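The values are calculated or read from the model by the stated rules, or taken from the named source; none is laboratory data. As the structure is a computational prediction, the values presented were derived from the model and not from experiment. Methodologically, a virtual Cβ is constructed for each residue, glycine included, from the backbone with ideal geometry; neighbour enumeration extends over all protein chains shown.
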Amino acid sequence: MKDKGIDVLVIYSAPGSIRFGQRGHVMYISGYEPYFGNTMVVLPCDENLSPLLEIDAADYFPPECTWIENVKPAGDHVQTLKKYLHETKLEKSKVGVVGEYSMSPSLYARMRSEIGQIEVASDILESERTVKSEYEIQCVKEASKIAKRGIEVAAKIARAGVSEAEIVGEIERVCRKAGSQGFPHHTMVTSGKDANHLDWWWYCGKRKLEHGDPWLLDFGTMYNGYCCDVSRPFNLGAPSKKHKDVFQVLLQAQEAAQKTAREGVLASEVDRAASDVLREAWRGDWWGIGHGVGLEVHEWPFIGYQRILDDEAYRDRRLKANMVISIEPTIYLPEVGDMQIEDQFRVTKTGCERLNDIPTEIMES
């Protein structure tokens, strides 16, 4: 904030979206997790002034969930901010806004017209959140341990006649029992080889598995607010030679990305390392091989999405030690259906280490 000359940071969260909700902004700063509506933290640069937390519309508030003492119930965010600036004599201050993409256009327009000097400052918190503490990394590891339980039960229950939805239900039941607070994106079980079915991955569920089917599991769990995001291919019965050969290419692509990722390397170089392996095996144009993981299942840095030019989030960045990134090479081929492997890795100064011990193989069920 000092470097940018920002006197007050308005940190805004609107839960409910994988990319733009960013419940993590307010939670990261305050410890309070948005649940039933929009939340806001007003953080002054002057450490002698107390910050303010305006919670959502939930009619309960455990005070031990936050270190902030000045807590307000849900209300008019602009009026709350104006009153705070008046009381702290910061009415002519420069205000930075974090999470402007979570605001409704009308709210953001009001803030710009009624507050005064406002600038977008989401990069301050987005960048801060990319580098994880030991506590945060341990939370991702714990989430991964829970996810491993889900993968194991999926392999046990999958059989001919069982629907994708039944597998999803059992995975989520076991993971909830093991301590998962939620599931940061759809638990995706997609089976068979029909592209017309697989393309609807977020709605798959009615199809029943048949003997010999390849099928894919892509899901995440949450521990103390932190996410993991893992994927493994399965086969109902012994996988074919083609199935094994395809998986070996995906594994080689993930390993190439892992070997490339280290502090100081551009995210695009990690993407290129994996994509080169995929292009050598199959003609095509691969990009977008991974993403950061933390309080959001998809957060900075994004690995290989620099072609998207209208959003700062996707800009190519140099990796830093203790970033947690997902590496997820994927392919669809008519002979094997959808195949993918996905894991989280901790970036270090000299390399990249996997954060789970889930077997890197095709799971037989």
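For the stretch 304-324, the set of residues classified as at pLDDT 95 or above and crowded, with 19+ Cβ neighbours inside 10 Å consists of Leu319, Met323, Val324, listed by residue number.
Selection over the stretch 259-286 of residues that are in contact (Cβ under 8 Å) with a residue 60 or more places away in the chain, surrounded by fewer than 21 Cβ atoms within 10 Å (Cβ to Cβ) and within 21 Å of the chain's Cα centre (by Cα) gives a count of 2.
When you check Ile289 against the structure, is it under 30 Å from Ala160 (Cβ atoms), surrounded by 15 or more Cβ atoms within 10 Å (Cβ to Cβ) and either assigned by TED's automatic domain parsing to the domain that holds Asp213 or of a type in the set (Ser, Thr, Tyr) (or both), yes or no?
Values: under 30 Å from Ala160 (Cβ atoms): no; surrounded by 15 or more Cβ atoms within 10 Å (Cβ to Cβ): yes; either assigned by TED's automatic domain parsing to the domain that holds Asp213 or of a type in the set (Ser, Thr, Tyr) (or both): yes.
Considered against the rule, which asks whether it is under 30 Å from Ala160 (Cβ atoms), surrounded by 15 or more Cβ atoms within 10 Å (Cβ to Cβ) and either assigned by TED's automatic domain parsing to the domain that holds Asp213 or of a type in the set (Ser, Thr, Tyr) (or both), Ile289 comes out as no.
Residues in the stretch 125-145 that are farther than 21 Å from Gln22 by Cβ and either without any contact (Cβ under 8 Å) to a residue 40 or more places away in the chain or in contact with a helix residue (DSSP H, G or I) (Cβ under 9 Å, 6 or more places away or on another chain) (or both): Glu134, Gln138, Lys145. Residues in the stretch 348-363 that are more than 18 Å from Arg262 (Cα to Cα) and surrounded by fewer than 18 Cβ atoms within 10 Å (Cβ to Cβ): Asp357, Pro359, Thr360, Glu361. Considering only residues that are assigned to a loop (DSSP other than H, G, I, E, B) and touching a strand residue (DSSP E or B) at 6+ places or on another chain (Cβ under 6 Å), look in the stretch 324-340 and name the one that is farthest from Asp276 (Cα to Cα). This residue is Val336. Taking strands (runs of 3 or more DSSP E) as the structural unit, those lying wholly within the stretch 28-124 and holding at least 1 residues that are under 30 Å from Pro301 (Cβ atoms) and either touching a strand residue (DSSP E or B) at 6+ places or on another chain (Cβ under 6 Å) or without any contact (Cβ under 8 Å) to a residue 60 or more places away in the chain (or both) correspond to 39-44, 52-54, 95-98, 118-120.
Between Ala313, Ala321, Ala256, which is assigned to a loop (DSSP other than H, G, I, E, B) and under 27 Å from Thr221 (Cα atoms)?
Just a single option satisfies the conditions, and that option is Ala321.
Residue-by-condition table, conditions (1) free of Cβ contacts under 8 Å to residues at least 24 places away in the same chain; (2) out of contact with any His (no Cβ under 9 Å at 6 or more places or on another chain); (3) not in a helix (DSSP H, G or I):
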position	(1), (2), (3)
Ala147	no, yes, no
Val153	yes, yes, no
Ala165	no, yes, no
Arg173	yes, yes, no
Arg176	yes, yes, no
Phe183	no, yes, yes
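Taking the condition of being within 13 Å of the chain's Cα centre (by Cα) and either under 19 Å from Glu263 (Cα atoms) or part of a strand (DSSP E or B) (or both), how many residues in the stretch 295-310 meet it?
Step one: list which residues in the stretch 295-310 are within 13 Å of the chain's Cα centre (by Cα), which gives 295-303.
When the remaining residues are screened for being either under 19 Å from Glu263 (Cα atoms) or part of a strand (DSSP E or B) (or both), the result is 299-303.
Total meeting the criteria: 5.
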